[in-house]
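The values are calculated or read from the model by the stated rules, or taken from the named source; none is laboratory data. Worth saying up front: this structure is predicted, and the values here are computed from it rather than measured. FYI the Cβ positions are ideal-geometry reconstructions off the backbone, even for glycines, and counts take in every protein chain you see. Heads up: the accessible areas ignore ligands, DNA and RNA and are worked out on the full protein's heavy atoms, side chains in. Shrake-Rupley method; radii C 1.70, N 1.55, O 1.52, S 1.80 Å.
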Amino acid sequence: MTDYDAVIIGAGHNGLICATYLAKAGHRVLVLDGRSEPGGCASTREFATGFKVSDCAQWFSQFDRSINKDLNLDGAGLKLSNAKTTISLQPDGDHLTLDGDHIAGAGVDPVDQAAYREFRKMMQRFAKLMTHLYRGRPPKLVEHNWRDRFTLMKLGLGLKMMGREYMQDMMRIVMINIYDVMNEHFKHDALKSTIALDAVTGTNMGPRSPNTVYSYLHRATGEFLSQTGTTQVIGGMGALGAVLADVATKQGATLQLDSPVASITKTDDRVSGVTLDSGEAISAKLVISSADPKTTFRDLLGYEKMEVGMARRVEHYRSRSGTAKLHLALSSLPQFTGLTDRQLGERLVITPSMDGMERALNPMKYNEISTQHTFDISIPSVADASLAPANQHVLTAIVHYVPYAPDMGWEAARPQLLTTLLAELEVYAPGIGSLVTASELIVPSDLEASHGMAGGNWNHGELSIDQALMMRPFPGSTQYATAVDGLYLCGAGAHPGGGLQGLPGRNAAKEILKRGALS
Amino acid sequence: MATSPPTLELLETVVNQYDAIVIGAGHNGLTNGAYLAKAGLKVAVLERNPYIGGATVSRELHKGWYYSNCSYVSSLLRPEITRDLELPRHGLQVVPFGGGATFMRNGDHFGNYSDHDRHYRELARHSKRDANAYDRYSADTSLQTKLIRPYLLRTPPDPTSLKPRDLRDLLEFARSFMNLGEEKLLDTIKFWTASVGDYLNEYFETDVIKAHMAGSGIIGTALGVYSPGTAYVLLHHYMGDVDGNVGAWGFARGGMGAIASSLSKSFQSFGGEIICDANVDEIMVKNGSVTGVALKDGTEYRAPVVVSNLDPKRTFLDIINPSDLPKDVLKKARNFKIRGSSGKLNIALDGLPVFHGLDPKNKLMAGDLHFSDSLERQERAYDDWKAGTWSKDPYLDMMIPSLTDPTMAPPGKHMMSVFVQYAPPKVEGREWTDEDKDGFEKSVIDQISNYSPNFRDLILHCETRTPREIEAEVGLTEGNIFMGELTFDQLLFNRPFPGYAQYRGPIKGMYMCSSGTHPGGGVMAAPGANSAREILSDLKRPNTVPGEYADD
Amino acid sequence: MSLASRDTMLLTTPFHSRVAAMCDLNDWGNWMGYTTPNAYFDVELEYFALRSTTGVFDLSPMNKYRVTGPDAQRYLNRLVTRDIAKLGINRVGYAIWCDDDGQVMDDGTIFRLGESDYRICSYQRADDWLAWNTLGFDVTIENESDTVVGLAVQGPTSCTILTLLGCTDLNQLKPFGMAHYTFEGKPLMVSRTGFTGDLGYEVWVPPESAEALWDQLFELGHDYLIKPIGGSALELARIEAGFLQANTDFMPSEEVVRVGRTRSPFELGLAWLVDFSKPLFNGRAALLKEQANGSRFRFALLDVHGNKPAEHSFILKGDKQVGTVTSAAWCPTAKANLAYAQIEMPHGAVGDELVAEIYYQRELHWTRLLAPCKVIEGPIFKSAKRWQTPAPPY
């Protein structure tokens, strides 16, 4: 008998969710993580004394509520803030607010307001259709079995039931760019760019790039499945990890932290367990990795343990990212022009026009630092005082676009970029620079080093259409089971991707149970 | 007041009465007219310009030199149509060319050879690994080409329709993809959604090799080499053939005007009429059906069938009264993306320019020549277009047809065609000025001169066309050479708009046959033919339009 | 930079001056981009040199890759389907490699030059595939195609001639063995390998030794009736011997466009090269599945009635077309009409009686012939000399 039925690599949210579902079904599960606390990218770290931030995920907005229900996370102590309004900051202080279906401010007119309601309605209709695909394994198209055929049927029917106009529209826009779609629907520049930002967050694409509607749709689907709106986790993102770890262990899963995995072992034709950095060998019927595909296959398993066509696909799997995090420790609450103190707790967005976003993107392509960036800002200490010392505040922002390896090197680039970012913030929050007592930039290569995420991509690999759905991460390994017997994927590198949806973990567990892989 | 005798009026109406009127004597309009006339209809093709051809023209703009001043090479012209309309009998001869190269900044070049072994050695000169990988690339890309070719001469099925014919066509379409097997099918989807840069990166390591091939992915598009969807555009440059040699390109002897000329002769041989200097003002509609067209000078031509060979924007926004159109069509036409991104220089040369590193007698000179030796340069050229200006370091597709076709220039002299990416439809949001045009021309001449010491001195005459000229002279809105961008939202059953992708317009009797319909742009004549097939079917006339040859 | 590109025009091997001097027929072909002779003076006589005396064939265009590094053996074992660990130093093995679907990409020979030092010799180019295979291994691949040239010296008097050249005790070399000598101060390697199914050797030298080697061979071999032989004669010999040829009997899988045109080792009669006791090799999972579920096709060796070669023929069972011929020849030594065919399962088992639909032309008159044929076990031509050690003198 093996040490465990399943060993799960990575105690991030997907790994813990997967573990919980499997443990609930009575299986012996071990979750391993090299870090000292659970949560992975949804964990809390004190980057300066008393100032707590999350390395990546900043918002809780796409988490599938069915997982919440199945695992009773609310009962286990998960607390969320109220849903945030998105405030798209304008230099003149007359900001654009987006609250559900309502938009106001910045001179937006009734035509655009009506158009926005229509757009939201359409997107939610599309998202509703996508849920047929998201809450389950992506169907195979040729080698499908009856389960896949059922999914395809539901999809086809759902498509037809959307009505001819919506159906035509979806099939028309799903592969194109957000820039053109925005220009079709709206006139207001800031409105267009604020929505466009949602389409490109977490990617290295600009609004003109085809595939951006798909990434927007992915996010919209997550939000539809979540129904929480954009919220923050009270206690810091790490509270999510803590709750999930608690739930997992209560269900019977074993959690072992400070245990980095060195390699996945293979015996004969199948995977047989893992070996830790410490040298300890653990045997299991299945190994389920929530690490990104490149790390899983190239670093943990090793190319010499798989066939070459597959190794080639791993090498070709794209994980580029232009996304960075900015963390600021502030000695007091900053003043943003045109915002009340209470509003500082909302989701604050700074973005140039869509053309400006494209211009901001260009230097990244050539390994240079941009002079203008987009910001998705949270000052979580407004709603949650535990995240900063008394009367002080912490600001965290998702920033685009930064190069992976600037020609000048990060040592020189980091201070330059920081100065630029602070100067950009000054325009909207005069004096903020003088409040900064500590600062930190987390760039893609940092995430690679600290979290083992190849390329530093939050989705564990680009979520472009050719790496999505029944092609994620690549043909041969798309339904959570990989082409290597006994090895499964349950992280964002599997369908449906990232965004803190929890679905890869849940779907992987259900797939394993349905296949009887652990019997 | 003297009134004209009723008999004269009656005569006029009878004289201008046709079974079908085609607006626009571009190659698709002429093809459409020819098939309708072949079926026995009385057809008139109306052309605004004093000459026919649209973008397939040869113009003697400098005495002794003929310019294919818009389209300049032929590969995609359907052989079924060429044969069927007897175009060779009417004067068309397409001569394939070999060769082509990308010149490098370091004085070297990367040459393109049609012979497999020869091409291997050229690739191997740069990288043995890439030379070997080329076979894998060829096989994978050929697979994609073969998948799509059978659908060029077919009407796209409507996936939202429940009509038996559409369901049957959709099923057949799906089946050809399913036959690939799971992995190859997924690879096909990946190919259709990938960028040409990422696609090429999966095969090759050498910059100039990638750059040479990537150009085919951006020609005529509003996209860059790293924009998803550009790998698909490769197909538009690979899926043609000359005499069954798939992927080959050729020159129409006498310039591209020979295509229009042979099509017009074929059309006329079936009794068709071509009327030039006929500028259509409006398609006339009565009680929901078309009755004909009215010209700007008041002349009317009557017909129960009117086919527009103008691009979809022009068709629905310029020559139809908005009150005759459903609202959704107006909206879709306004949103139809047709941004131009190309320009052209047509140059008369006093001799053959010498390019660094290449013997002027080298066969490579007869093919397509380029100067952008890296993907980065091509991407930067695209950045300029996005910023609303012409590329400072433009991607050029340069050819010297007179090295293959002796009719284009006097002996020993040459005609050079330079196709340029990128040039925006508007410069920083405003109309092109003559100053802009000069700046654009200079950027191209400078680019070529960087690689040739004697080029500048050989220039006898230069015709420069920005999107402004292309739109004004050819009627291609915003100067888009494909009459509509080739992105998935405007291809197949989405071209030009969902619900109107089977050549029928929203008004009874109104049809479309331009490149703004499936299978899209490039000199294919397929849109014209497919449209004719639908028209004849609606009129319950026997079909004269051929299907495609079995392709193996 | 040179203005002309003639340096990349048609290539010739380092033996070319000698080859051209002897190519009376001026009948040239293109092998891998090199100018190579189809025939020197008479295809049939050249073939008989291989069977009766000695024929010399220029092997230089073959692709050669040197595989070195601590993981060289593990690397090769993942690459090929047979267990390469069993190959000793100074031994040569025939091997095939497959893609992830178990379809054959190419075949070749693997020379073990040292503990962790190998050379792959293949008909097709493999730079890209071999490079991809290096992921995860500490190994170096070097393309040696231009730095190692070779001659096939095949036939009953070949051992004698080479011994005269300086290959001492060559007759002791076992089949698939290698021996190292020097020739005019440069290395000369001899392997007892070949494509003719008879006594024969392949001789490998650096390019600068080429012309001198040819001259000496032909001078020393004169009394032993040495002859140069071209591609056509070699083709005849290999068909008679039962050897497969890439691009004739199977398509290298990575170059295939059309679905269903690739073949697995089982479908090529190469099951003996597939060693499932090896832990991992490329194609293993797919081949295990095929072994369990059955193959689509079978490789059949056909003994065709009559003397009209069944070239490009369809193979019929009753009315139904069940296969096609890939290689066919009238084999002069075996005096048999042989054909290789790809037959759809379940047909084509040894003993199966089928019909070959042959079209042949005489003086522009075509005849359609339905020739009965039978699937036989192994090649009819079996040369004892091929396996004899010590190798016979003639």
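Return the total of residues in the range C:133-163 being more than 24 Å from the chain's Cα centre (by Cα) and in contact (Cβ under 8 Å) with a residue 60 or more places away in the chain.
Here is the first cut: in the range C:133-163, the residues more than 24 Å from the chain's Cα centre (by Cα) are C:134-140, C:163.
Now narrow it down to the ones that are in contact (Cβ under 8 Å) with a residue 60 or more places away in the chain: C:137-140.
Residues that pass the stated criteria total 4.
Could you tell me how many of the residues in the range A:49-84 are among the small types (Gly, Ala, Ser), open to solvent by 20 Å² or more (accessible area, probe 1.4 Å) and part of a strand (DSSP E or B)?
So the count comes out to 0.
Would you point out which residue out of C:GLY55, C:GLY29, C:GLY93 is at pLDDT below 95 and either assigned to a strand (DSSP E or B) or within 14 Å of chain A (Cβ to nearest Cβ) (or both)?
C:GLY29
Residue-by-condition table, conditions (1) part of a loop (DSSP other than H, G, I, E, B); (2) at pLDDT 90 or above:
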residue	(1), (2)
A:GLU118	no, yes
A:GLN124	no, yes
A:ALA127	no, yes
A:THR131	no, yes
A:LEU141	yes, no
A:ASP148	no, yes
A:MET167	no, no
A:GLU184	no, yes
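Hey, does the range A:191-201 have a residue that's within 24 Å of A:GLY455 (Cβ to Cβ), open to solvent by 10 Å² or more (accessible area, probe 1.4 Å) and not β-branched (Val, Ile, Thr)?
Yes - at least one qualifying residue is present in the range A:191-201.
Do any strands (runs of 3 or more DSSP E) entirely within the range A:217-331 hold 1 or more residues that are within 14 Å of chain C (Cβ to nearest Cβ) and over 26 Å from the mean Cα position of the chain (by Cα), and if so, which?
A:261-267, A:270-276
Against the conditions (1) within 22 Å of the chain's Cα centre (by Cα); (2) facing another protein chain (nearest Cβ under 9 Å), where does B:LEU369 fall short? Just the number, please.
Condition (2) is where B:LEU369 drops out.
Restricting attention to the range C:200-241, and to residues there that are in a strand (DSSP E or B) and of a type in the set (D, E, K, R), which single residue is farthest from C:ARG18 (Cα to Cα)?
For the range C:200-241, the residue satisfying everything is C:GLU202.
Considering only the range C:267-286, how many residues are in contact with an Asp or Glu (Cβ under 6 Å, 6 or more places away or on another chain) and either among the aliphatic types (A, V, I, L, M) or surrounded by 19 or more Cβ atoms within 10 Å (Cβ to Cβ) (or both)?
Residues that pass the stated criteria total 2.
Conditions: (1) closer than 14 Å to A:MET357 by Cβ; (2) open to solvent by 10 Å² or more (accessible area, probe 1.4 Å); (3) not in a helix (DSSP H, G or I). A:GLY206 meets all but one. Number of the miss?
All conditions pass for A:GLY206, except number (2).
Which one of these does B:VAL418 not meet: (1) away from every other protein chain (no Cβ under 14 Å); (2) open to solvent by 10 Å² or more (accessible area, probe 1.4 Å); (3) touching a strand residue (DSSP E or B) at 6+ places or on another chain (Cβ under 7 Å); (4) β-branched (Val, Ile, Thr)?
Going through the list (1) away from every other protein chain (no Cβ under 14 Å); (2) open to solvent by 10 Å² or more (accessible area, probe 1.4 Å); (3) touching a strand residue (DSSP E or B) at 6+ places or on another chain (Cβ under 7 Å); (4) β-branched (Val, Ile, Thr), B:VAL418 breaks only (2).
Filter the range C:106-132 for residues that are touching a residue at least 60 places away in the same chain (Cβ under 8 Å) and at the interface with another protein chain (Cβ under 10 Å from one of its Cβ atoms) and give the result.
C:GLN124, C:ARG125, C:ALA126, C:ASP127, C:TRP129, C:LEU130
Having 1 or more residues that are crowded, with 17+ Cβ neighbours inside 10 Å and free of Cβ contacts under 8 Å to residues at least 24 places away in the same chain is the bar; report the strands (runs of 3 or more DSSP E) wholly within the range C:307-382 that clear it.
C:320-331
Among the residues of the range B:207-219, are any at the interface with chain A (Cβ under 10 Å from one of its Cβ atoms) and open to solvent by less than 50 Å² (accessible area, probe 1.4 Å)?
no
Among the listed residues B:LEU185, B:LEU123, B:LEU153, B:LEU180, identify the single one that is in a loop (DSSP other than H, G, I, E, B), open to solvent by less than 30 Å² (accessible area, probe 1.4 Å) and within 14 Å of chain C (Cβ to nearest Cβ).
B:LEU180
For the range B:234-334, which fully contained strands (runs of 3 or more DSSP E) count at least 1 residues that are open to solvent by less than 50 Å² (accessible area, probe 1.4 Å) and of a type in the set (S, T, N, Q)?
Answer list for the range B:234-334: B:289-295, B:305-308.
Conditions first: (1) within 14 Å of chain B (Cβ to nearest Cβ); (2) open to solvent by less than 50 Å² (accessible area, probe 1.4 Å); (3) at negative phi. C:HIS16 passes all but one, so which condition is the exception?
All conditions pass for C:HIS16, except number (1).
Just one of B:VAL94, B:VAL15, B:VAL73 is within 21 Å of B:ASP241 (Cβ to Cβ), modelled with pLDDT under 95, open to solvent by 40 Å² or more (accessible area, probe 1.4 Å) and of a type in the set (A, V, I, L, M, F, W, C); which is it?
None of the other options fit; the residue is B:VAL94.
With the requirement that a residue be in a helix (DSSP H, G or I) and either within 14 Å of chain A (Cβ to nearest Cβ) or aromatic (Phe, Trp, Tyr) (or both), what does the range C:279-292 give you?
Once the filter is applied, which keeps residues that are in a helix (DSSP H, G or I) and either within 14 Å of chain A (Cβ to nearest Cβ) or aromatic (Phe, Trp, Tyr) (or both), the range C:279-292 yields C:ARG284, C:ALA285, C:ALA286, C:LEU287, C:LEU288, C:LYS289, C:GLN291, C:ALA292.
Return the residues of the range C:140-150 that are in contact with a strand residue (DSSP E or B) (Cβ under 6 Å, 6 or more places away or on another chain), more than 10 Å from every other protein chain (Cβ to nearest Cβ) and assigned to a loop (DSSP other than H, G, I, E, B); say none if nothing qualifies.
Passing the criteria: C:GLU144, C:VAL148.
Of the residues A:LYS128, A:LYS160, A:LYS140, A:LYS187, only one is among the basic types (Lys, Arg), within 14 Å of chain B (Cβ to nearest Cβ) and within 25 Å of the chain's Cα centre (by Cα); which?
It is A:LYS140.
Taking the condition out of contact with any Leu (no Cβ under 6 Å at 6 or more places or on another chain) and crowded, with 19+ Cβ neighbours inside 10 Å, does A:LEU244 pass?
In short, no.
I'd like the full set of residues that are without any contact (Cβ under 8 Å) to a residue 60 or more places away in the chain and more than 14 Å from chain A (Cβ to nearest Cβ), limited to the range C:62-90.
Scanning the range C:62-90 gives C:ILE84, C:ALA85, C:LYS86, C:LEU87, C:GLY88, C:ILE89.
Please determine whether any residue of the range C:163-174 is in contact with a Pro (Cβ under 7 Å, 6 or more places away or on another chain) and within 14 Å of chain A (Cβ to nearest Cβ). If you could, list the steps in order and put the result at the bottom.
Just the residues of the range C:163-174 that are in contact with a Pro (Cβ under 7 Å, 6 or more places away or on another chain), to begin with: C:171-172.
Then keep just the ones that are within 14 Å of chain A (Cβ to nearest Cβ); that gives none.
No, the conditions are met nowhere in the range C:163-174.
In this structure, does A:ALA517 turn out to be among the aliphatic types (A, V, I, L, M), in a loop (DSSP other than H, G, I, E, B), touching a residue at least 12 places away in the same chain (Cβ under 8 Å) and open to solvent by 10 Å² or more (accessible area, probe 1.4 Å)?
Considered against the rule, which asks whether it is among the aliphatic types (A, V, I, L, M), in a loop (DSSP other than H, G, I, E, B), touching a residue at least 12 places away in the same chain (Cβ under 8 Å) and open to solvent by 10 Å² or more (accessible area, probe 1.4 Å), A:ALA517 comes out as yes.
For the range C:101-125, enumerate the residues that are in contact with a Gly (Cβ under 8 Å, 6 or more places away or on another chain), buried (at least 22 other Cβ atoms within 10 Å of the Cβ) and in a loop (DSSP other than H, G, I, E, B).
Of everything in the range C:101-125, those that are in contact with a Gly (Cβ under 8 Å, 6 or more places away or on another chain), buried (at least 22 other Cβ atoms within 10 Å of the Cβ) and in a loop (DSSP other than H, G, I, E, B) turn out to be C:GLY102, C:GLN103.
Contact list please: Cβ distance under 6 Å, first residue in the range B:319-342 and more than 10 Å from chain A (Cβ to nearest Cβ) and among the β-branched types (Val, Ile, Thr), second residue in a helix (DSSP H, G or I) and open to solvent by 40 Å² or more (accessible area, probe 1.4 Å), pairs at least six apart or on different chains.
Taking only residues 6 or more apart or on different chains, the pairs are B:ILE338/B:GLU478.
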